[in-house]
Ligand SMILES: Cc1cc2nc3c(=O)[nH]c(=O)nc-3n(C[C@H](O)[C@H](O)[C@H](O)COP(=O)(O)OP(=O)(O)OC[C@H]3O[C@@H](n4cnc5c(N)ncnc54)[C@H](O)[C@@H]3O)c2cc1C
């Protein structure tokens, strides 16, 4: 029997192992954590948003147009329906939510991992945990991986495994506590691959401004525009979370990868926050609310508190040097207009992203032009590369796991000796 070694027992590795084992290969998963699939348990706040039924166009990023096309082609070959059918075949029913997000019916991520592990066991996949792949050496036929075992009994023990085919499924660098510590990039480089600089994505943004401490903890529906070098680069709307260091929440996560890459090139990044997304007609809103006659009995702070969270109202007043208790009539129309204008477009300078430890995925990785459409390496023909290790990242909503399942399934079923 031919040996297929899968380095990394995450979403893509477990899927690849199942598909390769179904092809009749002897499959071994080498996982350096004490158990497989740790990150799966963290997904979707423990509920696992495992795919999304929406159109995938515009939901993924990569380094160039051809790579993006390759991502879309992959997701035609193995799309959200295939993912759902795959999970149903191995005993997991899923449900679709309003936004197209798909979850296990029980909304328990642990069940997703259970069915994958059960299927691996049924198919005779060998799983070795506490086993870190440190080296890869391609030979004329197949190759070897050098491993180091961890654990109290076998600390520092080393071994070699021969592979006829190797599937590198080690993930990227995001959330390294779950096991994806970036070691896969080193392994890919040993095979001659290049790596596009990995950067955190789906992550919080740290911003300039001491006022953040005063609004920390506030959650607000907001529209957020990302400006790169003063040009509008992206927009998203949803629940914004303000922290003591900057901005977080799904709309921020969605464009954090663009900010990360721009900051890495030394570009100026700003977020323009619209705290009044419910206002359709700005002109009449100004007319109604910057009216001294109508609101002369109110303080500026209480006027603004009727529009946004109290802490935001207080912060805007402070920023504009309007003291507590200052009446609208005292502040004057110009000052009130200026405060409202800032609620529509509150500009903050983005300084950096939070580190990989806080990121859900990473952008960058092994370029897609270095693998073929079955994710076989063009540089080392007995090796496949899958999942987040590759230069593909999706927005929030199940798209990243979909990429992991799809690449794992295609590579696993494409393995041929
Ligand atoms: C908090 C959080 C929530 C998320 N929620 C969602 C969600 O709801 N929906 C969604 O689509 N995506 C979500 N994601 C992203 C998604 O989990 C990942 O994109 C996906 O798991 C990537 O799969 P992977 O198999 O490529 O890598 P991973 O899942 O990271 O698996 C890599 C595996 O390889 C092992 N490994 C690494 N190096 C070695 C080595 N040298 N030797 C042996 N083993 C090694 C690791 O321990 C790990 O088990 C979330 C991520 C995080 C962090």
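Summary table below
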{"quantity": "Sole exception among (1) assigned to a strand (DSSP E or B); (2) outside the structural domain of residue 37 (by TED's automatic domain parsing) for residue 214, by number", "calculated": "(1)"}
{"quantity": "Within the range 127-167, tally of residues that are touching a residue at least 24 places away in the same chain (Cβ under 8 Å) and either in a loop (DSSP other than H, G, I, E, B) or more than 14 Å from the ligand (Cβ to nearest atom) (or both)", "calculated": "13"}
{"quantity": "The range 182-196 residues that are more than 15 Å from residue 63 (Cα to Cα), paired with ones that are in a helix (DSSP H, G or I) and away from the ligand (no atom under 11 Å from the Cβ) (beta carbon under 8 Å, 6 or more apart)", "calculated": "193/370"}
{"quantity": "Residue tally, condition within 8 Å of the ligand (Cβ to nearest atom), out of contact with any strand residue (DSSP E or B) (no Cβ under 8 Å at 6 or more places or on another chain) and in a helix (DSSP H, G or I), over the range 168-185", "calculated": "1"}
{"quantity": "Lone qualifier among 233, 262 - being closer than 19 Å to residue 61 by Cα and in a strand (DSSP E or B)", "calculated": "233"}
{"quantity": "Any hit, the range 64-84, residues being closer than 28 Å to residue 33 by Cα and not in a strand (DSSP E or B)", "calculated": "yes"}
{"quantity": "Scan of the range 308-340 for residues that are closer than 19 Å to residue 211 by Cα and not in a helix (DSSP H, G or I), ordered by number", "calculated": "308, 309, 320, 321, 322, 323, 324"}
{"quantity": "Single unsatisfied condition, residue 397 versus (1) crowded, with 24+ Cβ neighbours inside 10 Å; (2) within 11 Å of the ligand (Cβ to nearest atom)", "calculated": "(1)"}
{"quantity": "Qualifying positions in the range 102-126 - in a strand (DSSP E or B), crowded, with 20+ Cβ neighbours inside 10 Å and more than 19 Å from the chain's Cα centre (by Cα)", "calculated": "104"}
{"quantity": "Index of the failed condition, residue 390 passing every other in (1) within 30 Å of residue 264 (Cα to Cα); (2) without any contact (Cβ under 8 Å) to a residue 40 or more places away in the chain; (3) more than 14 Å from the ligand (Cβ to nearest atom)", "calculated": "(3)"}
{"quantity": "Residue match in the range 370-378 (condition: within 11 Å of the ligand (Cβ to nearest atom) and either under 25 Å from residue 178 (Cβ atoms) or surrounded by fewer than 18 Cβ atoms within 10 Å (Cβ to Cβ) (or both))", "calculated": "no"}
{"quantity": "Condition check for residue 320: surrounded by fewer than 18 Cβ atoms within 10 Å (Cβ to Cβ) and closer than 30 Å to residue 195 by Cβ", "calculated": "no"}
{"quantity": "Residue among 44, 91, 9 that is within 11 Å of the ligand (Cβ to nearest atom), assigned to a loop (DSSP other than H, G, I, E, B), in the same structural domain as residue 131 (by TED's automatic domain parsing) and touching a helix residue (DSSP H, G or I) at 6+ places or on another chain (Cβ under 8 Å)", "calculated": "9"}
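The values are calculated or read from the model by the stated rules, or taken from the named source; none is laboratory data. This one's a predicted model, so the numbers in the text were calculated from it and none came from an experiment. Don't worry about glycine lacking a Cβ; one is built from the backbone with ideal geometry, like all the others, and counts go over all protein chains shown.
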